[in-house]
Amino acid sequence: KNQVEQSPQSLIILEGKNCTLQCNYTVSPFSNLRWYKQDTGRGPVSLTIMTFSENTKSNGRYTATLDADTKQSSLHITASQLSDSASYICVVSYKRAGNMLTFGGGTRLMVKP
Amino acid sequence: EAQVTQNPRYLITVTGKKLTVTCSQNMNHEYMSWYRQDPGLGLRQIYYSMNVEVTDKGDVPEGYKVSRKEKRNFPLILESPSPNQTSLYFCASREQGAGHEQYFGPGTRLTVT
């Protein structure tokens, strides 16, 4: 069964600190992996998309890594800001008609001043 | 501005009263889909459409209908809503094929009493 597991479920950090969120998946056949940021009550917004051949991808203070061998990904946030408080969702696309997406349950991050 | 719009944003209704949630995108995307998001379960796909007049079931289609008569619109229909359909609903769209950015609407919070 295709699954995406994220850890931790929730995280509290102080403003200015770094943090790393984890994503493990069993989706097959793999097409690509995406990280989304979702503010409370709003639609998810894409941060990065990585294909099988990409190990690292950055978007400002967000850096995603992918290890396709171990089927793990991480999202590293550098110098956190209060506006980083949100849920971060790992999504893996698998090769099927329509390139279906499997969503992780998300990590809820709270950045405190 | 490129966007996905949904209406209404909030809706409270009673069991059995048919309702429609509209979704429209202005990016000429072929692929559109509907998701529901519930606490602890993440985002789950209800239906998707790969093009006009082409729709298919996602992971949780029971109790829902969709139609795709025009490229820009993808309404979600609940013929006889029940309390277990109380949820936060998101419409999304993207270009066809792997690796394309998926854009989400702002969400519709539905309560069925």
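No value in this document is a laboratory result; all are computed from the given coordinates. As the structure is a prediction and not an experimental result, all values here were calculated from the model. Glycine also receives a Cβ, built like all others from the backbone with ideal geometry; neighbour counts cover every protein chain displayed.
Using 29 Å as the Cα-Cα cut-off, could you pick out the over-long pairs in A:Lys1/B:Lys65; A:Lys57/B:Lys65; A:Lys1/A:Lys57; A:Lys57/B:Lys69; A:Lys37/B:Lys17; A:Lys37/A:Lys95? The pairs that break the limit, which is 29 Å between Cα atoms, are A:Lys57/B:Lys65; A:Lys57/B:Lys69; A:Lys37/B:Lys17.
Taking K and R as +1 and D and E as -1, what net charge do the other residues with C-beta under 10 Å from the C-beta of B:Asn28 add up to? Local charge sum for B:Asn28: 0. Solvent-free Debye calculation, one equal scatterer per alpha-carbon of chain B: log10 I(q)/I(0) at 0.11, 0.21, 0.23, 0.24 Å⁻¹ equals -0.31, -1.14, -1.35, -1.45. Within straight-line reach of B:Lys71, meaning a Cα separation under 22 Å, sit the following lysines at least 8 residues removed in sequence or on another chain: B:Lys57.
Note on chain A: Kirkwood radius taken over Cα pairs, Stokes-Einstein applied at 4 °C and 1.567 mPa s, translational D equal to 92 µm² s⁻¹. Among all cysteines in chain A, which have no other cysteine Cβ under 4.7 Å from their own Cβ? Cysteines lacking a close Cβ partner in chain A: A:Cys19. The label point for A:Leu14 and the one for B:Thr22, both projected 7 Å from the Cα toward the Cβ, are 5.1 nm apart.
Can you pull the Kirkwood radius for the protein assembly as shown, inverse mean 1/r over Cα pairs, to one decimal in Å? Kindly include the intermediate steps, with their values, before the conclusion.
On the way: mean 1/r = 0.0554 Å⁻¹.
With all distinct Cα pairs of the protein assembly as shown included, I get 18.0 Å.
State the Cα centre-to-centre distance between region B:40-67 and region A:1-33 in whole Å. Comparing the Cα centres of region B:40-67 and region A:1-33, I get a distance of 25 Å.
Shielding by partners for peptide A:103-109, expressed as the average number of C-beta atoms from other protein chains within 10 Å of each residue's C-beta, is 3. Across region A:59-75, coupling constants 3J(HN,Hα) worked out from phi with the 6.51/-1.76/1.60 Karplus curve, θ = phi - 60°, read 9, x, 7, 9, 10, 9, 10, 9, 10, 6, 5, 8, 6, 10, 9, 9, 10 Hz, and Gly and Pro carry x.
Could you work out the mean count of beta carbons from other protein chains within 10 Å of each residue's beta carbon in A:20-31? Show your work: numbers first, answer last.
Details: counts 0, 0, 0, 0, 0, 0, 0, 0, 0, 0, 0, 3.
Average neighbour count from other chains, rounded to a whole number: 0.
Take each residue of peptide B:87-97, count the partner chain Cβ atoms within 10 Å of its Cβ, and average: the result is 2.
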